[in-house]
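J.: Take this structure, written in structure tokens, and hold onto it; I'll ask about it next.
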Amino acid sequence: MLSQLKIKSVLFALLFCNQFLAGQEAKPFCKLLDYNVNMLICYGQSLSVGWGTTDKNSNFRNIISFKGGCNEWASNVNIDDPASIADYYGDSFVLLSSIANKDWPPVASIAIAWMDLLEKENGIDLCKFDNHFLLSTPGCSGVSIEMLSKDTEYYKRLLLGVKKAQEFSKKSNKTFGVPCLFWVQGEANEKDAEEQYFEKLKRIFIDLNTDIKSITKQKKDVNFITYQMAPVEGCGPSFAQLKLVKEKKNVFMGGAMYQYDYNDIWHPKDRAVVGIQLGINAKRIHDHSPLKLFSPVNYKIKKENSQWKLYVKYEIPVPPMRFDTSGDKFHNLNGKQLNYGFILKNALGENIISREPYIINGNTLVIECYENPENSKLSYALNGHYGGGNLCDSQNITIKIKNINYVIDNFCPAFKDYIIK
């Protein structure tokens, strides 16, 4: 009797899968993405908006868009003006590739990176599926986290985009949801203490998750993927972003930023990198195999032949970890840093590293010290893109956009005062 029930269950599952695939027009998967229309929102300040991440050589595949494109900021959408709303959103989706402009913000390189990996890793031609990415950039250059929080102009613009997307999807008899939101902000709050920014960021993610789900009716939480802004000494938001990733299940690290080439204190020369590494991480999350947070997990102290040694074990996104000193445009143009970016200070504030750190077993950093490192504090890459560090993993993914091959590894996020007790 039990075996007959199992056979019936298997037959039912196969029948359901076949019916689903027939409706999808495609063959390899019963389910490609969470929804027919998957809205990707890149929210924040200047590095979330801007231009230059794509061009006419970029492969947009079947990405869909509102009538005015995927950059509400550049289109200056006024949510209090019905004419502005109608002009930007239109009344149905269009293919992003059908819009004359091909110069889009990082949300476009997010989608392209994700789609590129779907094709390479899963062997899928996305255009054969009735699953689409819909892109949105509702933030604004130069604004603080307070100006992006609940009940503000930009927050309301974000929710209006979700409402319009829900409306158009329902009209087309398509399922709709927001699988993830990408957070690209912190520079305008550089003077915030870590704990101050942490509380603000935690609050806005809770509010966004609640308000987005109330519109879409999706059961799954929105996954929040934050970059870590390149730190400067004393810059609280960088470390608050890292802290929130450690503490919240639906918040993930999208990548460090100090390893890229910059125009000024805050802006990489090529903003495509902002989106590409976020898109790679989003794909891993959707695959139910999110990348591990590149971070110390434990340590031990040994005295060997009169030499004090600190062994720091890491979790690594794609092992083994290594020091990259090539100095190419995706691997810290500053080249090799003193002690590869590490500082170990004793209670008097003195750096006690006696020779360059080295790596063993592909996951453990070894630091030889002038003295017993008990009660010391370990920090890494505190000077951001003005120096940074050289510790990265072995992901070695190449994504092609604008006829440029972007070679992306995960660099260890900057951290401050990891306590050695």
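J.: Identify which of the listed values of Cα extents along the principal axes in Å was calculated from the structure shown: [x] 73, 65, 39; [y] 88, 80, 45; [z] 58, 54, 51.
T.: Step by step, Cα extents along the principal axes in Å for this structure corresponds to label [x].
J.: If contacts are Cα pairs under 8 angstrom and at least 6 residues apart, what is the relative contact order of the stretch 22-286 in percent?
T.: 26 percent
J.: Over the stretch 280-338, what is the mean sequence separation of C-alpha contacts under 8 Å (at least six apart), divided by residue count, expressed as relative contact order in percent?
T.: 23 percent
J.: Using the Cα centre of the chain as the reference point, and only Cβ charges (+1 on K/R, -1 on D/E), how large is the resulting charge dipole? Debye, rounded to the nearest 20.
T.: So the magnitude is around 1420 debye.
J.: Among 300-306, 116-122, how do they line up by average Cβ neighbours within 10 Å per residue, starting with the highest?
T.: Ranked by mean Cβ neighbours within 10 Å, highest first: 116-122, 300-306.
J.: For the pair E146/H267, report the inter-label distance in nm, with labels modelled 7 Å from Cα in the Cβ direction.
T.: Placing both labels 7 Å beyond Cα along the Cβ direction yields 2.4 nm.
J.: Among W266, A240, A256, which residue has its Cα positioned farthest towards the positive end of the charge dipole of the stretch 226-278, with +1 placed on the Cβ of Lys and Arg, -1 on the Cβ of Asp and Glu, and the dipole taken about the Cα centre?
T.: After comparing all options, I get A240.
J.: Which of rounded, prolate or oblate describes the stretch 231-279 when judged by the alpha-carbon gyration tensor and an a/c cut-off of 1.5?
T.: It comes out oblate by the Cα gyration axes.
J.: In straight Cα distance, which lysines are under 16 Å from K303, not counting same-chain residues fewer than 8 positions off?
T.: In chain and number order, the partners are K421.
J.: How big is the C-alpha Rg of the stretch 295-420 next to the rule-of-thumb value 2.2 N^0.38 Å, as a ratio?
T.: In units of the globular-protein estimate, the stretch 295-420 measures up at 1.12.
J.: Follow-up question, since we're still on this one. Past 21 Å, Cα to Cα, is the threshold; run K102/K170; K163/K220; K174/K402; K213/K249 against it and keep the listed order.
T.: In this structure, K102/K170; K174/K402 exceed 21 Å between Cα atoms.
J.: Now for a separate question. Which pairs in the list K202/K416; K248/K313; K377/K400; K248/K416 are over 29 Å apart, alpha-carbon to alpha-carbon?
T.: Result: K377/K400 exceed 29 Å.
J.: For the stretch 295-420, what's the relative contact order in percent, using C-alpha pairs closer than 8 Å and at least 6 residues apart?
T.: 28 percent
J.: So how do H267, H288 line up by other beta-carbon neighbours within 10 Å, fewest first?
T.: Ordered by Cβ neighbours within 10 Å, fewest first: H288, H267.
J.: Calculate the length of the line joining the C-alpha centroid of the stretch 128-199 to that of the stretch 205-266, in whole Å.
T.: If you average the Cα positions of each part, the centres end up 12 Å apart.
J.: Hey, another quick one. Cα centroid distance between the stretch 288-342 and the stretch 381-417, in Å?
T.: 13 Å
Read-outs: derived from the displayed coordinates by stated rules, not from any lab. Just so it is clear, the model here is predicted, and its values are computed rather than measured. A quick note on method: Cβ atoms are made from the backbone with ideal geometry, for glycine too, and the neighbour counts reach across all protein chains shown.
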